[in-house]
1. Would you mind computing the Rg to Rh ratio of segment A:37-98 from its alpha-carbon coordinates, Kirkwood style for Rh?
2. Please provide three numbers in whole Å: the alpha-carbon extents of chain A along the principal axes, with the largest listed first.
3. Projected onto the charge dipole of segment B:395-545 (+1 at Lys/Arg Cβ, -1 at Asp/Glu Cβ, origin at the Cα centre), which of B:Ala528, B:Leu513, B:Val466 gives the Cα projection farthest towards the positive end?
4. Given 4 °C and 1.567 mPa s, compute D for segment B:27-164 with the Stokes-Einstein relation, Rh being the Kirkwood radius over Cα pairs; round to the nearest whole µm²/s.
5. Put +1 on the Cβ of each Lys and Arg and -1 on the Cβ of each Asp and Glu in segment B:51-129; which of B:Val112, B:Leu62, B:Trp95 then has its Cα farthest toward the positive end of the dipole?
6. Describe numerically, in nm with one decimal, the distance between label points set 7 Å from Cα along Cα→Cβ at B:Val504 and at B:Arg366.
7. State to the nearest 20 debye the size of the charge dipole of the protein assembly as shown about its Cα centre, where the only charges are +1 on K and R beta carbons and -1 on D and E beta carbons.
8. With only alpha-carbon atoms in the gyration tensor, what are the semi-axes of the equivalent ellipsoid for segment A:128-209, in Å, largest first?
Amino acid sequence: MENGDGPDTLIVEAENLDFHYGEKQALFGIGVGIRRGLATAFIGPSGCGKSTFLRCLNRMNDLVDGARVTGRLTLDGEDVNSPELDVIELRRRVGMVFQKPNPFPKSIYENVVYGLRIAGVRDRERLDAACERSLRRAALWEEVKDRLRESAMGLSGGQHQRLCIARAVAVRPEIILMDEPCSALDPRSTTKIEELITELKGDYTIVIVTHNMQQAARVSDRTVFFYEGKLMEEGETRRLFTSPGRRETEDYLTGRFG
Amino acid sequence: MAPAAKRKRADGRIWVWLSGASLLLILAMMAIIGFLVCANSFQVLWPSRLDLVALADGSVFLGFPMNGDISPEGLPRTRYKVGNREINSGADFRWIYEQDVVKRNHPQEALVVNRMENGDFYGFLKRRTGGRNESATESPEEFRESLVDFQRRWNSLAEPPRRRLAALGDAWQENHLAFLKAEYEMRRALTPDAAEMWKANLERSIEREEAVKTESERAMSLFNAIRDEFQAETAVFATADGTEISFPLSALADVSSPNDMGWTAKAWRFAVNVWNILSQYPREANTDGGLFPALLGTVALVFLMAVTSFPLGVAAGVYLREYARDGILSRSARVAVNNLAGVPSIVYGIFGLGFFVYGMGGSIDRLLYPERVAAGISTYGGGGIIWSSLTLGLLTLPVVIVATEEALATVPSEIRHGSLALGATRFQTLCRVVLPMASPGILTGFILAMARAAGEVAPLMLTGAVKSAHSLPLDGEWPFVHVERKFMHLGFHIYDMGFQSPNVEASKPLVYLTALILLILVFVLNFAAIGLRKRMREKYAMRGF
Ligand SMILES: Nc1ncnc2c1ncn2[C@@H]1O[C@H](COP(=O)(O)OP(=O)(O)OP(=O)(O)O)[C@@H](O)[C@H]1O
Ligand SMILES: [Mg+2]
């Protein structure tokens, strides 16, 4: 795996990517490739630009006034920032799970099929099937199958997050971005989500931002280390954790800052 | 300073007391208003006892004791409603000094006769004459049945010609408008053909006018014949002092003998009175009769207002909060909206008169009905329920906009992002997630605005409310909703009865009753708002956040 860096294995490629929030530059010349079907962890001290880079991938940064991006970022060889690209389509291909679980105040069922409904799917059977499949993939089916019509607000925090994963999975994205998905959860729910990520990778490319080194070590195949808006180091997780190539990486991993 | 007092001030208990006291004061005032309105309304609706009072000078009279006080000379006195306007030289009420009263009793057979004109008559039944089964010995109860029977017969016979007359009146009106149009068009016709056509129309309408006229005369004489026939049936009553007076039965609206009623009879009577007030038309310059047109006018007005101001206000609020960039323009729009909420309602009235009635209404008239304008007849340009409701809509718009904005602001951005990240457009996010979540707040604000608008009077007086309208804004006649018509309104009714009426004292209880109905309407709207908010909150509850 370490070696095959060809265009086939890379689903996302960034090259010399700069990002500005108005006057403030948040990313400096990022160049990285994210491999298809693997779980990639983004680590780094707070404010180093992990979330910013993540949001570049599905262009959620478009929502920020004055956001500006330069450089090259491609998904399957297509320029993500090109004006011809359909953002709606992009976001369907690149799903996202947020730090704070954010289910809609609708029924469990409606939450899961939301993405399909807005894409115009009306067919009952297709929706039902997608709902079951997604909930199973999110390891939530057994817990909620008898109350799909009830409000999603009645679930626990951990269930909320798995529901959000199911919601993202339902539209069959290629990549699922997760921005600190466990930071608002208790240890047991965290374990569940981690197991889930291990389950999902392979079928989906997963990018996870985390502050928890053990978590990164447990779930990811590759790790990217950001520092002050720059990409410091990138590599196979085990290798990066055991023999970091740079001083900053080592300092961060040993808890000397961040 | 004593240490105890010091401690008291230090822990701020005095402020707790003060704030509690102000709340108490407000509650007390609300209770007083509520009590006053309810008690006075109750007096109108509940059949109370009729007193037969004998005075020291030998005179006797029948009346309802209304209220008592101490006269300026320090003597206790009671105010009686004595009715019998034509006998008592027009005065409905009379102050009686307690020291002059020799005797009070409550004869069972004393009658309250509600008449079509001249208010109430209090007295005793003597006999009924002129009917098919005239009687000299009817009991009050039997007389009431005879009256009901008479009214049934009278209505079944008189109603068809009366309706025919009304229809003919409408036909005449319509024909007259057609006549005006033909005459107008004929004079300005460009081609001889057109002139010829309009001339033919004109002649047709002149012919038709003749036909309608003769038809009306026929219907009128038919109606008069029936009326004269019924006029022969009369009832003779005696006042308390024995003076006999006779009325045709057709002049009587209702009789009752309150001294002869048990609790169930009184409760039934109460219900009948409530129903009559709600369903009947006003009589005698609004001092008597029911409130139906005013109630209907108010409801129709509020409804029309809702239909116009709700979508507009919500759309504006959505634009301001969701789409407008935060800049000098959106900020000044917000300031303008907030200021608009503080503009006195009479100013809206003036605007409504100038812009809607004269401006828009006048333009519509000039465009569609130039012939009527030439003849000095206004259709849209003379005030109507549509202009009133638009004016009121404008008045509530700021509240709706602000409520919408605030409700939208409470929807967390994580939820919006969640939707957008799934590939939803901003509009889809708005419709499917944000608006449903904001709907409790929006609806609450809106219904409260509606409740406020329901009680607003000043702008209506300028834009279409009248003291008495000859037709309703809603009726069975195509197109059922007549937005150009003038209308009656509960709030304006209160003003008219209480301050403009020829007999203010007589209509006072009715003023309270109208106020009560208006209050109930507002309360119902407010409770609807609370209930709706509760339901929506349950549906879109944000538990777990
Ligand atoms: N909407 C924004 N507008 C302006 N600056 C922003 C915005 N979002 C983030 N930033 C800035 O960009 C830099 C990178 O932020 P980012 O959120 O990507 O950091 P992060 O690595 O995700 O941090 P954390 O681990 O705390 O989530 C920070 O300095 C932050 O202050
Ligand atoms: Mg972050």
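Since every read-out is calculated from the coordinates, none of them should be taken as a lab result. Since the model is a prediction, treat every value here as computed from it, not as a measurement. Note that each Cβ is placed from the backbone with ideal geometry, even for glycine, and that neighbours are counted across all protein chains shown.
1. Details: Rg = 12.2 Å, Rh = 12.9 Å.
The Rg/Rh ratio comes out at 0.95.
2. Over chain A, Cα extents along the principal axes are 53, 43, 36 Å.
3. Toward the positive end, the furthest listed residue is B:Ala528.
4. Numbers: Rh = 18.1 Å.
After rounding, the answer is 72 µm²/s.
5. B:Val112
6. Result: 4.2 nm between the two label points.
7. Values: 93 positive and 94 negative charges, 443 e Å.
The calculated dipole for the protein assembly as shown is roughly 2120 debye.
8. Details: eigenvalues 72, 54, 21 Å².
The equivalent ellipsoid of segment A:128-209 has semi-axes of 19, 16, 10 Å.
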